[in-house]
Every structure is written in C-alpha cells, then in structure tokens.
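The values are calculated or read from the model by the stated rules, or taken from the named source; none is laboratory data. Treat the numbers as computed from the prediction; the structure is a model and nothing was measured. Neighbour counts are summed over all protein chains in view; Cβ atoms, including those assigned to glycine, are modelled from backbone coordinates with ideal geometry. Only protein heavy atoms, including side chains, enter the accessible area calculation; ligands, DNA and RNA are left aside. Shrake-Rupley method; radii C 1.70, N 1.55, O 1.52, S 1.80 Å.
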Amino acid sequence: MIGFYNYTVVLTYLSLISASTGIFVSLSDKGHPYIGIMFLLFSGLCDAFDGKVARTKVNRAPEEKKFGIQIDSLSDIIAFGVLPAAIGATLLRVQKNPHDAVETGYIFGKDVGTWGKIFAGFLFAVLGLYILAALIRLAYFNVTEEARQETETSCRKEYVGLPVTSSALIFPSFMLVRYILSIYCKQIDITLIYFILLVATGIGFISPFKMKKPGMKGILIMVGIGLAEFITFLVLFRLHGQQ
C-alpha cells in the first residue's frame with residue numbers, strides 16, 4: 001500500500017476520522033451541532049500532540065517528513081476548516097433544540113421571509129469563505145515549512161497568522177456559552193455571533209501578524225481547557241440533554 005502507517009501519523013489519522021464523523025453528525029437530518037463540537041475538541045486533542053509524537057521517531061526519511069507535513073494539513077482542513085463550517089450550517093437550519101430540523105426558508109429555527117433568506121445566503125457564503133481562508137493558510141504553511149526545513153533543523157518558533165487549530169478552542173468555547181444560555185436564559189439567542197467568530201477567525205488565518213508558538217506548558221493549558229469543556233458538555237448533556 002502507498003503512504004505511511006507507522007505510529008507517527010496515528011494521531012493525525014484519528015483526528016481526520018473524528019472530524020469526518022463530526023461533519024456527518026452535524027449535517028445529519030436532525031442536526032447535532034453540539035455533538036459535532038465534541039468531535040472538534042477530540043480532533044484538537046489529537047493535533048496538540050501529533051507533531052511531538054512524530055518527532056520522537058529518529059532517522060525519519062525525508063519522504064516521511066514531507067508526508068507528515070502534507071497529511072497533517074490535509075487533516076487540519078477537514079477538522080478545523082470544514083467541521084466548524086458544518087456546525088455553522090447546522091445552526092442555520094435547526095431550532096434551538098437540534099433534534100427538530102426545520103424546512104428550507106428558516107434561519108436559526110425561525111421563518112424569516114425573503115430578506116431573511118438573502119441574509120441566510122450571506123451567512124452560507126461566510127461558511128465557504130472561512131473554509132477558503134483555512135485552506136489558503138494551510139497551503140501557505142506547507143510551502144514555507146518545507147522551505148524552512150531545507151535550511152533549518154530546529155522546530156518552528158513562531159506562527160505567521162492565527163493557526164487553524166485555534167478553532168478547536170474558539171468555537172467550543174462559544175458553543176458552551178450558547179448551550180448554557182439555552183438552558184438558563186432561553187430568551188437569549190447568540191447564534192449569530194458564531195458567524196461573526198467565523199469571519200474574525202478566518203481573517204486571523206490569513207493575516208500576516210506573528211505569534212509565538214506555545215511550548216509544552218502552553219499546550220497543556222490549552223488541552224486542559226479543552227478537556228474541561230468536553231467534560232462540562234458531557235455533564236450538561238446528562239442533566240439536560242441537548243437544548
């Protein structure tokens with residue numbers, strides 16, 4: 001078989017499987033955006049350590065290193081590009097209870113009329129542009145990383161632009177707030193903010209600012225936040241079900 005199947009790519013493959021499942025669940029007939037968020041969190045957990053696991057293998061062939069760069073980015077576009085957009089698409093067409101799918105012509109579970117449908121079309125365009133921004137960033141990263149590795153052997157010390165993996169914390173944090181509000185403040189609907197975050201995050205992906213790459217301590221803090229959100233969702237699901 002072509003490709004590589006050793007332990008250095010296992011986490012990347014798991015992230016892709018998780019993300020694909022999250023997309024299917026989110027876009028199912030009834031729509032389950034909160035379950036999709038759980039898979040996004042798991043993909044983020046896998047991505048946090050895949051590079052470090054890969055670097056534990058000594059004497060990796062050049063082909064293995066290049067394959068690792070490419071497969072990681074291909075997985076990331078699904079996990080942190082398509083999956084958040086799929087969750088957004090589900091939010092557009094479901095009521096506050098994602099078990100109750102509604103007909104086309106509704107937005108956020110409400111009948112909106114002609115202008116509302118136009119606005120919904122705009123929001124769907126936001127989903128596509130978000131994926132495009134993630135794709136451009138990942139392609140740019142691949143090109144610059146391969147060029148960097150030809151002259152440097154050390155790990156990258158900084159990022160240019162917002163890493164796509166940041167979506168694994170940004171969108172779950174928002175959805176957790178939305179979930180809690182749907183339980184205790186049902187009259188407040190902040191769904192539109194999700195799309196504002198998509199725009200802001202997408203712009204961040206392709207912006208030229210530099211940011212320091214987090215060390216192990218920073219990674220562990222982010223993983224801790226993600227695990228806390230994952231556990232909180234599980235507890236709330238058990239107590240209240242999906243809202």
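Does VAL199 count as open to solvent by 10 Å² or more (accessible area, probe 1.4 Å), more than 14 Å from the chain's Cα centre (by Cα) and either within 24 Å of ALA228 (Cα to Cα) or of a type in the set (Val, Ile, Thr) (or both)?
Values: open to solvent by 10 Å² or more (accessible area, probe 1.4 Å): yes; more than 14 Å from the chain's Cα centre (by Cα): no; either within 24 Å of ALA228 (Cα to Cα) or of a type in the set (Val, Ile, Thr) (or both): yes.
Criteria not met by VAL199.
Restricting to region 174-219, name every residue that is of a type in the set (S, T, N, Q) and farther than 19 Å from LEU135 by Cβ.
Within region 174-219, the first condition is being of a type in the set (S, T, N, Q), and the residues that meet it are 182, 187, 191, 201, 207.
Selection gives SER182, GLN187, THR191.
If I ask for residues that are open to solvent by less than 50 Å² (accessible area, probe 1.4 Å) and either farther than 17 Å from ASP47 by Cα or modelled with pLDDT of 95 or more (or both), which ones from region 207-222 would you list?
Selection gives SER207 alone.
Can you name the residue in region 139-181 that is open to solvent by less than 60 Å² (accessible area, probe 1.4 Å) and in contact with a Leu (Cβ under 8 Å, 6 or more places away or on another chain) and, of all such residues, is nearest to ILE193 (Cα to Cα)?
PHE174
Hey, LEU236 hits all of (1) touching a Lys or Arg at 6+ places or on another chain (Cβ under 9 Å); (2) farther than 13 Å from LEU162 by Cβ; (3) of a type outside the set (Asp, Glu) but one; which does it fall short on?
For LEU236, the exception is condition (1).
Going through region 22-34 one residue at a time, which ones are farther than 16 Å from GLY226 by Cβ, out of contact with any strand residue (DSSP E or B) (no Cβ under 6 Å at 6 or more places or on another chain) and open to solvent by less than 50 Å² (accessible area, probe 1.4 Å)?
Matches in region 22-34: ILE23, VAL25, SER26, SER28, HIS32, PRO33.
Checking PHE39 against (1) closer than 21 Å to ILE196 by Cα; (2) at pLDDT 85 or above, which test does it fail?
In the conditions (1) closer than 21 Å to ILE196 by Cα; (2) at pLDDT 85 or above, PHE39 misses (1) alone.
Please work out which one of (1) open to solvent by less than 10 Å² (accessible area, probe 1.4 Å); (2) modelled with pLDDT under 90 is the condition GLN95 fails and give its number.
Failed condition: (1).
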